[in-house]
Amino acid sequence: MEKVHSTMEKARGSLMLCSGTGCASCGTPTVSAVLAQELKKRGLDNEMEIVQTGCNGYCAEGPVMAVYPEAIFYQKLRAEDIPELVEEHFLKGRPYEKLMYRDPVKKTVIPHINDIPFFKHQVLLVLRNKGLINPEKIEDYIAKDGYQALAKTLTMMSPEEIIKEVSDSGLRGRGGAGFPTGKKWELGLKIDSDQKFVICNGDEGDPGAFMDRAIMESDPHAIIEGMIICGLATKSHQGYIYVRAEYPLAVQRLQTAIDQCYEAGLLGTNILDKGFDFNLEIYQGAGAFVCGEATALMRSIEGKRGMPRPKLWRSAVKGLWDKPTILNNVETLANIPQIILNGAEWYSKHGTEKSKGTKVFALTGAIHNVGLVEVPMDTPLRKIIYDIGGGIKQKGRKFKAVQLGGPSGGCIPEAFLDVRVSYEDIKESGAIIGSGGMVVMDDSTCMVNTARFFLEFTADESCGKCTPCRIGTKIMYDLLSDICDGKGKAGDIEILEDLSQDIIDASLCGLGQSAPTPVLSTIKHFRHEYEMHIHNKWCPTGVCSDLCTFHIDENLCKGCGACLRACPSNAVAGEKKKPHQIVQDRCVHCRTCWDSCKFNAIQILPASARNASDAELNFLAEAIKEKGQKSIMFNA
């Protein structure tokens, strides 16, 4: 296949400006326009090319830009800073420190992108092109060895050889279940049918997850190439990319890439003159979480209501329109070109014995570095959260848990921070890898309320087809709501555990079967919080407003007035530089004062203490400090 050069190779320098959804929402379009204007004004528009890339990964600092060939990284770009940046960096040759990354502890400037901890500790296979190409130009993808794997399979490999390479690599489905990809493809090849289908599942609906969206936006051709190779390996000639309509940029870039492939002869009839036909189109979903499940997704494409059906056979045997169908996740398919091009042995060097390769995570929550990360499957959680994520963001707060796997996943406490992110190890901790959502929580998080949040989501997203999921999740949500509202009763924890097992055993699809996981994992690791909510009517984090009283420790209060200014109900009183007090009959228990205090002077006491005297409040606060939250018992 002839080497195609990208347009960026013609310029003296390339300004790789992130235009993924995250950065675009922070102002990339405006920054891009001003940047183009400034370059033209200074006569640099023919020397420096602005390249609108997909997601760079460092979402928390957007808009971001990397300048090549120097690999200088700029963050938090604002239109008003662009003239000076252009003047300093591109005319005077002095990189502009004001917009560079600074170490949050040492405060030192780190100019080069690969030296920044967030990028330094990652291993990029799936995300190898992130921030390096224009996803709307096929030339850029081809210049990075794109479609070389397709050419190799069309000219040098049989379907059986392709499948063997994928099988030997150890690649497992990245959508959550972790089923061996090669085994699925092998079954699809063996089934004889007049028509077969290949589907890419881009219906990403987990709260806090954006892995698939970012891949579709930043490297759509990798997904398309993987799908064509899958079609060749399984003798399928029609493909669908199922994307939720809430991802308009992903849809646009995928469609642009598909159009370019048809024009280049990489899709359609007689691809690369090798006698293989493959057609591809996008199907936009309406945003139903249950349509991430294979059978519900296929029913949706068929024009029916997206509801799962009993899995009497695998989709590779009988799927879309009752024809053999290979369905893979976005990330799974994006791995395929690299495996074919570099070989199974190269790929399997990463990861563990049973969990090969890398995994992409959407790292978010109470950490410094929110963004998209890719690490080998044997990486400890601690390294992801602290070395890449930068640790807990808010000063004075401590790590409490990390939620893995979205609403189907579980919460992992600090004791398991050294567990490796492999399918087997994570499952032993009480969670699942899922599609890759990773939400970090600090000690201001109420775990009971967190479980309620995810149950509310799954109960709302249940398709209603089977009773255990439709009714069971609603009962669990109501029980959790009662506990958070101070109406919990003895035995509620045991009811939640029993009902969870019933829902797992009797639900029709993965949504119901995994819905109780957040509840079971929080009960397993944070049972004492449930007990305090039920027996002490106390939420130690102050999240559940009906179960807390706020009190100012006069010995710690500096009279700075931060809590007074933050309080929305004028419940804080006091003079400057003197200890403040909370007027209990005005307090709405919103936790704003607690969040704003830098001296840990605000204490969260049980709700039953609201009518106590100042002396009683002080006594209780001292008892809690002495004995700890887990041991104190307080009855009004």
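The values are calculated or read from the model by the stated rules, or taken from the named source; none is laboratory data. Bear in mind that the values here come from a model prediction, so they are computed numbers and not experimental data. Here the Cβ positions follow ideal geometry from the backbone for every residue, glycine too, while neighbour counts run over all protein chains shown.
So Cys55 clears everything in (1) closer than 21 Å to Phe118 by Cβ; (2) of a type outside the set (S, T, N, Q); (3) modelled with pLDDT of 95 or more except one condition, right? Which one?
Only one criterion is unmet by Cys55, namely (3).
Would you point out which residue out of Glu281, Glu263, Glu246 is under 23 Å from the mean Cα position of the chain (by Cα), of a type in the set (D, E, K, R) and over 23 Å from Leu125 (Cα atoms)?
Glu246
Would you call Asp192 of a type in the set (Asp, Glu) and either at pLDDT 95 or above or touching a Ser or Thr at 6+ places or on another chain (Cβ under 8 Å) (or both)?
no
When you go through Gly464, Gly486, Gly472 one by one, which is the residue that is touching a Leu at 6+ places or on another chain (Cβ under 9 Å), among the small types (Gly, Ala, Ser) and outside any helix (DSSP H, G or I)?
From the options Gly464, Gly486, Gly472, the qualifying one is Gly486.
Out of curiosity, is Ala490 touching a helix residue (DSSP H, G or I) at 6+ places or on another chain (Cβ under 8 Å), under 28 Å from Pro606 (Cβ atoms) and either crowded, with 23+ Cβ neighbours inside 10 Å or outside the structural domain of Gly208 (by TED's automatic domain parsing) (or both)?
When the stated conditions are applied, Ala490 passes them.
Here are the criteria: (1) under 29 Å from the mean Cα position of the chain (by Cα); (2) surrounded by fewer than 23 Cβ atoms within 10 Å (Cβ to Cβ). Tell me which single one Asp140 does not satisfy.
Checking Asp140 against (1) under 29 Å from the mean Cα position of the chain (by Cα); (2) surrounded by fewer than 23 Cβ atoms within 10 Å (Cβ to Cβ), the one that fails is (2).
Take the residues in the stretch 49-80 that are surrounded by fewer than 24 Cβ atoms within 10 Å (Cβ to Cβ) and of a type in the set (Asp, Glu), then tell me which one is farthest from Gly131 (Cα to Cα).
This residue is Glu80.
Within the stretch 498-519, work out how many residues are of a type outside the set (S, T, N, Q), assigned to a helix (DSSP H, G or I) and over 22 Å from Pro540 (Cβ atoms).
Number of matching residues: 10.
How do the helices (runs of 4 or more DSSP H) wholly within the stretch 146-199 filter down when requiring 1 or more residues that are in contact with a strand residue (DSSP E or B) (Cβ under 9 Å, 6 or more places away or on another chain), hydrophobic (A, V, I, L, M, F, W, C) and free of Cβ contacts under 8 Å to residues at least 12 places away in the same chain: which remain?
Result: empty, no element qualifies.
Failed condition for Cys590, given (1) of a type outside the set (Gly, Ala, Ser); (2) touching a Phe, Trp or Tyr at 6+ places or on another chain (Cβ under 8 Å); (3) closer than 23 Å to Arg397 by Cα; (4) part of a loop (DSSP other than H, G, I, E, B), with all others met?
All conditions pass for Cys590, except number (2).
How many residues, within the stretch 395-438, are surrounded by fewer than 24 Cβ atoms within 10 Å (Cβ to Cβ), in contact with a helix residue (DSSP H, G or I) (Cβ under 9 Å, 6 or more places away or on another chain) and assigned to a loop (DSSP other than H, G, I, E, B)?
The number of residues fulfilling the criteria is 7.
Among the residues of the stretch 359-386, which ones are out of contact with any Cys (no Cβ under 9 Å at 6 or more places or on another chain) and of a type in the set (Ser, Thr, Tyr)?
Once the filter is applied, which keeps residues that are out of contact with any Cys (no Cβ under 9 Å at 6 or more places or on another chain) and of a type in the set (Ser, Thr, Tyr), the stretch 359-386 yields Thr379, Tyr386.
Take Ile224 and tell me if it is touching a Leu at 6+ places or on another chain (Cβ under 7 Å) and closer than 14 Å to Leu333 by Cα.
yes
Select from the stretch 178-198 the residues that are among the β-branched types (Val, Ile, Thr) and surrounded by 22 or more Cβ atoms within 10 Å (Cβ to Cβ) and list them in ascending order.
Thr181, Val198
So, restricting to helices (runs of 4 or more DSSP H) that lie completely within the stretch 245-355, which ones have at least 2 residues that are in contact (Cβ under 8 Å) with a residue 40 or more places away in the chain and surrounded by fewer than 20 Cβ atoms within 10 Å (Cβ to Cβ)?
It comes to 248-264, 344-348.
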